[in-house]
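Right, one structure below, let's go through it.
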Amino acid sequence: MGNWLGMTAINWYVYDLYHSATYLGWLNFVRLIPIVLFSVYAGKLCDLYPRVKLMKSYSLWGFVLTTLLAVYVALVTPSYFIFLLFSFIRGVISALETPNRNTLLSDIDTNNQISKLISMHSFVMNVCRSTGPALAGFLIAAGHIELTFMMQAVCSLIAWILVIPMKDQPMKKRKEKKKASWEQIAAYFSYDKMGRNIFVTSLITMAFGFSYTSVLPALVSKQFTGKAEVFGIAMSSAAMGAIIATVILPKALTYISEVRLYYVSLIAFSVSLALLIVSNTYVFFILLFSIGLFGQLLRSSNRVYFQHHVREEERGLMLSVVLMDRGMIPLGSILVSYSIEYVGIAQTFILMGIVCMIPVIFQFIKLKQQKGKVKEFVHSKQTS
């Protein structure tokens, strides 16, 4: 909740002050680039050290940082540089905390129902994602920007208090000689080709699809005269779609594999993104709901796949690599923001949807070629 309050407030505040999509792009770049820089290190930490103890440390750091920001905004006229600095440090904490939190899901999975645990986790996250931006939007529209940052600090305090009673579980020891991190990563993707395809596809989708959140204020400002409440409701619409996705995910995976669900969701996500240029308010909210729904389905099916295929003693490292796909969002944010400046908002969102579809097209062609080779092989066997 606190993260969404703070992120919504900072994004809208910066755009309201500077009216620059490029500034938004750089703000989200420094917030998300730590994922690329620190994710592998974070994964090694949660494979080597008690995960609950790490979670308590990260929560404490988050509380201290958000409190300092709330005090700063209340006492001093905010500057863009301070927002950049805060976003970077918050990004470092998030890069360390996210792989650890996702690995903890496997620690508490005693009934081999990891897909349900991932859904429950995503459900809680998306409830906060739906209420946080809407609340922040109405507070900002009412002129209470300082209160928004204070509420972020309070949420961080509550999060820290909630993890204090948690206890660590015994960690499994490695049976073979420990390899260097990148050797382990290369070894895994060398034999899991489907996992490699999903990972590469996810990198592209995160860069040119999920970066829409960083420039959404610019789109809302252009199409809906800069109303903060519309921005908040738009973010909440996407979050509501994501909540529905978390509810239907376990049931969906009983009828369809996580791989098929991933690619079907990617197609629907890409189409919805390209259509987001409509100026009708209700259609706009419906499209964002669709983006949230299929975006969450493709992300969750991605996570479920790797949770099922990675060994426990390497899960922290590999999940940190998989979660590095979010680190492509800052690169995409920069490219998308410059595209908006020089090409235009409508054209940029159409391009984003098209680029997200490219990996699906390549995968479809690859599968067609493989089926053709199989048919040729069978035919040659029958004739011989």
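Quick one: in the stretch 48-83, which of the residues that are in contact (Cβ under 8 Å) with a residue 12 or more places away in the chain and aromatic (Phe, Trp, Tyr) is nearest to GLU97 (Cα to Cα)?
Checking each candidate, the answer is TYR58.
Grab the helices (runs of 4 or more DSSP H) fully contained in the stretch 276-354, keeping just those with 3 or more residues being of a type in the set (Gly, Ala, Ser).
By residue number, 281-309, 328-342.
Check PHE81 against each of (1) at pLDDT below 75; (2) surrounded by fewer than 20 Cβ atoms within 10 Å (Cβ to Cβ); (3) of a type in the set (A, V, I, L, M, F, W, C) and name the one condition it does not meet.
Result: PHE81 fails condition (1) only.
The rows are residues; the columns are (1) farther than 27 Å from VAL40 by Cα; (2) at pLDDT below 80; (3) out of contact with any Gly (no Cβ under 7 Å at 6 or more places or on another chain); (4) not charged (D, E, K, R).
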position: PHE269; (1), (2), (3), (4): yes, no, no, yes
position: ASN302; (1), (2), (3), (4): no, no, yes, yes
position: ARG315; (1), (2), (3), (4): no, yes, yes, no
position: LEU331; (1), (2), (3), (4): no, no, yes, yes
position: SER337; (1), (2), (3), (4): yes, no, no, yes
position: TYR342; (1), (2), (3), (4): yes, no, yes, yes
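Go through (1) surrounded by fewer than 21 Cβ atoms within 10 Å (Cβ to Cβ); (2) modelled with pLDDT of 80 or more; (3) of a type outside the set (Val, Ile, Thr); (4) farther than 25 Å from LEU24 by Cβ and name the single condition GLN113 misses.
All conditions pass for GLN113, except number (2).
Whether any residue in the stretch 287-299 is hydroxyl-bearing (Ser, Thr, Tyr), without any contact (Cβ under 8 Å) to a residue 40 or more places away in the chain and surrounded by fewer than 23 Cβ atoms within 10 Å (Cβ to Cβ) is what I want to check. Steps first, answer last, please.
Of all residues in the stretch 287-299, those hydroxyl-bearing (Ser, Thr, Tyr) come to 290.
Add one more test, that the residue is without any contact (Cβ under 8 Å) to a residue 40 or more places away in the chain, and what stays is none.
Checked against the condition, which is being hydroxyl-bearing (Ser, Thr, Tyr), without any contact (Cβ under 8 Å) to a residue 40 or more places away in the chain and surrounded by fewer than 23 Cβ atoms within 10 Å (Cβ to Cβ), the stretch 287-299 yields no hits at all.
Within the stretch 7-23, how many residues are more than 16 Å from the chain's Cα centre (by Cα) and within 21 Å of ILE93 (Cβ to Cβ)?
Total meeting the criteria: 5.
Being farther than 29 Å from ALA186 by Cβ, in contact (Cβ under 8 Å) with a residue 60 or more places away in the chain, in contact with a Pro (Cβ under 7 Å, 6 or more places away or on another chain) and not aliphatic (A, V, I, L, M), is that true of even one residue in the stretch 20-28?
Yes, because at least one residue in the stretch 20-28 is farther than 29 Å from ALA186 by Cβ, in contact (Cβ under 8 Å) with a residue 60 or more places away in the chain, in contact with a Pro (Cβ under 7 Å, 6 or more places away or on another chain) and not aliphatic (A, V, I, L, M).
Any residue at all in the stretch 129-143 that is touching a Ser or Thr at 6+ places or on another chain (Cβ under 6 Å), closer than 20 Å to ILE35 by Cα and either small (Gly, Ala, Ser) or at pLDDT 75 or above (or both)?
Keep residues of the stretch 129-143 that are touching a Ser or Thr at 6+ places or on another chain (Cβ under 6 Å), which gives 130, 133-134, 136, 139.
Remaining after also requiring closer than 20 Å to ILE35 by Cα: none.
No; the residues of the stretch 129-143 include none that is touching a Ser or Thr at 6+ places or on another chain (Cβ under 6 Å), closer than 20 Å to ILE35 by Cα and either small (Gly, Ala, Ser) or at pLDDT 75 or above (or both).
Would you tally the residues in the stretch 119-139 being of a type in the set (A, V, I, L, M, F, W, C) and more than 15 Å from ASN11 (Cβ to Cβ)? Spell out how you get there, then give the answer.
We begin by selecting, within the stretch 119-139, every residue of a type in the set (A, V, I, L, M, F, W, C); these are 120, 123-125, 127-128, 134-136, 138-139.
Pick out the ones that are also more than 15 Å from ASN11 (Cβ to Cβ) and you get 120, 123-125, 127-128, 138.
Summing the residues that are of a type in the set (A, V, I, L, M, F, W, C) and more than 15 Å from ASN11 (Cβ to Cβ) in the stretch 119-139 gives 7.
Being surrounded by fewer than 19 Cβ atoms within 10 Å (Cβ to Cβ), at pLDDT 80 or above and more than 30 Å from ASP168 (Cα to Cα), is that true of even one residue in the stretch 58-73?
There is at least one residue in the stretch 58-73 that is surrounded by fewer than 19 Cβ atoms within 10 Å (Cβ to Cβ), at pLDDT 80 or above and more than 30 Å from ASP168 (Cα to Cα).
Being modelled with pLDDT of 85 or more and not aromatic (Phe, Trp, Tyr): is that true of ILE93 here? Steps first, please.
Numbers: modelled with pLDDT of 85 or more: yes; not aromatic (Phe, Trp, Tyr): yes.
When the stated conditions are applied, ILE93 passes them.
The values are calculated or read from the model by the stated rules, or taken from the named source; none is laboratory data. Note that the structure is a prediction, hence the values are computed from the model and not measured. No Cβ is skipped: glycine too gets one built from the backbone with ideal geometry, and neighbour counts run over all protein chains shown.
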